[in-house]
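Working notes, structure below.
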Amino acid sequence: MNREEIRSEVLRALHRVAPEAEPATIRADLAFRDQLDLDSMDFLNFVTALHERLGVSIPEADYPRLATLDTAVAYLLAKGAAAGG
Amino acid sequence: MPALGAEMEAGTLVEWLKRPGDTVTRGDIIAVVDTEKGAIEIEVFEDGVVDRVLVARGEKVPVGTVLAHIRGVGEGVAAPAAPGPIVTAAAPGPAAPAAPPERAGRARVSPLARKLAEERHVDLAAVRGSGPQGAITREDVERAAAPVTPAPAAVSAPPARDRQSAMRAAIAAAMARSKREIPHYYLSTDIDLTAALAWLRAENEKRDMTDRLLPVALLIKAVARALGEVPDLNGFWIDGAFHPGAAVHAGFAIALRGGGLVAPALHDAATKDVGTLMRELKDLTARARSGSLRSSELSDPTITITNLGERGVDAAFGIIYPPQVALVAFGRIADRPRAVSGRVEARAVVTATLSADHRASDGHRGGLLLAAVDRLLQTPEAL
């Protein structure tokens with residue numbers, strides 16, 4: 001998957017936990033939790049959705065690297081995110 | 001119509017999922033009711049056979065109204081004088097009369113259908129009822145009014161904004177009643193979670209990604225177990241007396257996206273392992289936010305637990321949800337300086353605050369509860 005595909009998967013996973021969020025208004029360099037008022041349950045569901053759609057295993061210690069759109073895309077790209085689910 | 005919250009007054013029947021003659025067992029979903037907390041699935045309290053359905057789709061009825069008669073196992077066809085178990089929660093006030101006002105010769109028509117028929121100039125005599133006992137429902141009238149069949153109209157749920165203001169009003173009523181009637185006392189204690197979080201990290205490494213735990217699952221379990229030691233904080237204050245809960249049904253406060261709050265029950269929280277509690281909490285949160293909770297989840301909580309630390313508050317002092325007698329609030333889990341064996345160390349600490357009803361318990365008992373929560377959280381593997 002290329003950067004653009006991963007980016008849209010991340011946005012799709014976000015949409016599942018914050019359906020009211022407009023993808024166009026999400027700042028790529030700000031933490032999702034603060035922008036979208038996510039709690040730890042939302043964030044867990046977001047990470048689980050990424051795992052299910054991209055087939056990557058994400059250890060809990062790496063969760064902070066998924067905090068913003070930019071860092072999440074970079075992390076998943078480095079992890080070699082495979083085909084979508 | 002069960003009371004699905006302290007201040008609920010009425011609900012609208014959206015859908016019957018069982019028909020007369022259907023066999024039902026305790027816990028089955030028999031109907032869906034629309035309230036300010038969303039579409040709530042109504043569960044059956046007893047095993048039996050649906051005998052009669054008394055409220056038609058689209059009807060809004062007050063809390064306490066009998067929705068249907070269920071014939072118990074082994075009973076004959078229920079005589080009107082001796083109805084079987086009733087599908088409502090312990091209903092305050094008198095049950096509504098079972099017999100509909102219109103009978104003999106006339107078709108039964110729901111008030112909503114009658115109103116609609118007037119508006120659309122539909123002759124009710126020409127409409128064939130599809131409701132219980134041939135009752136004419138709003139849908140039937142709509143079908144008759146619009147021969148070019150549009151998609152069957154679902155009983156319309158109120159728009160989101162109406163729901164939000166209705167929920168606001170319900171919260172306002174419940175909280176005002178609580179502050180008016182309940183003499184609250186507040187106790188708080190700082191709990192060292194260093195051991196609990198270390199255990200959680202190790203446990204999550206072993207667990208499947210979809211099965212990982214959040215600290216809140218441990219907090220809920222610890223409160224539920226502690227209530228076993230101090231049962232006078234688990235239950236209800238009704239008519240001047242304390243009624244202990246039969247089990248710990250932990251109402252967990254869930255903030256809804258876009259505003260509002262609901263605190264549905266995690267049933268039997270004291271006896272479930274943390275993995276099960278976590279799975280149920282995820283499911284409950286998702287259903288609370290999509291507006292599809294079950295009646296028992298709204299009527300059963302014996303205590304409320306709230307976790308307000310997510311947005312960074314150190315401590316919260318909750319308002320008890322009547323007729324419950326206690327609420328435990330957790331603040332943010334943060335590294336704080338703490339004296340450990342004569343030295344100051346950075347430890348992961350959470351502030352737990354108990355709000356309790358002084359009519360039902362005294363501060364000493366409340367203190368024992370918080371002490372038990374603290375002690376149980378020091379051995380997370382035993383939770």
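The values are calculated or read from the model by the stated rules, or taken from the named source; none is laboratory data. Bear in mind the structure is a predicted one, so any value in this text is a computation, not a measurement. Cβ atoms come from the backbone with ideal geometry, glycine included; neighbour counts cover every protein chain shown.
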Which residue is nearest to the chain's Cα centre (by Cα), if the candidates are limited to the range B:285-297 and must be within 20 Å of B:Ala160 (Cα to Cα) and in a helix (DSSP H, G or I)?
B:Ala288
Hits in the range B:179-195 (condition: touching a strand residue (DSSP E or B) at 6+ places or on another chain (Cβ under 8 Å) and in a helix (DSSP H, G or I))
B:Thr194
Just need a number here: residues in the range B:201-220 that are part of a helix (DSSP H, G or I) and at the interface with another protein chain (Cβ under 9 Å from one of its Cβ atoms).
7
May I ask you to list the residues in the range B:163-190 that are under 14 Å from B:Pro323 (Cβ atoms) and acidic (Asp, Glu)?
B:Glu181
Among residues of the range A:36-67, those that are within 13 Å of another protein chain (Cβ to nearest Cβ), of a type outside the set (A, V, I, L, M) and either under 17 Å from B:Leu200 (Cα atoms) or in a helix (DSSP H, G or I) (or both), counted:
13
Could you identify the single residue in A:Asp29, A:Asp34 that is over 20 Å from B:Ser290 (Cβ atoms), in contact with an Asp or Glu (Cβ under 8 Å, 6 or more places away or on another chain), at pLDDT below 95 and surrounded by fewer than 17 Cβ atoms within 10 Å (Cβ to Cβ)?
A:Asp29
Can you list the strands (runs of 3 or more DSSP E) lying wholly within the range B:32-91 that have 3 or more residues being more than 21 Å from B:Glu139 (Cβ to Cβ), in contact with an Asp or Glu (Cβ under 8 Å, 6 or more places away or on another chain) and at pLDDT 85 or above?
B:68-71
Collect the residues in the range A:68-85 that are part of a loop (DSSP other than H, G, I, E, B) and among the charged types (D, E, K, R), keeping them in residue-number order.
A:Lys79
Determine which member of the set B:Arg311, B:Arg332, B:Arg279, B:Arg294 is more than 14 Å from chain A (Cβ to nearest Cβ) and either of a type in the set (Lys, Arg) or touching a Cys at 6+ places or on another chain (Cβ under 9 Å) (or both).
B:Arg294
If I ask for residues that are within 14 Å of chain A (Cβ to nearest Cβ), in a strand (DSSP E or B) and in contact with a helix residue (DSSP H, G or I) (Cβ under 6 Å, 6 or more places away or on another chain), which ones from the range B:229-260 would you list?
B:Ile254
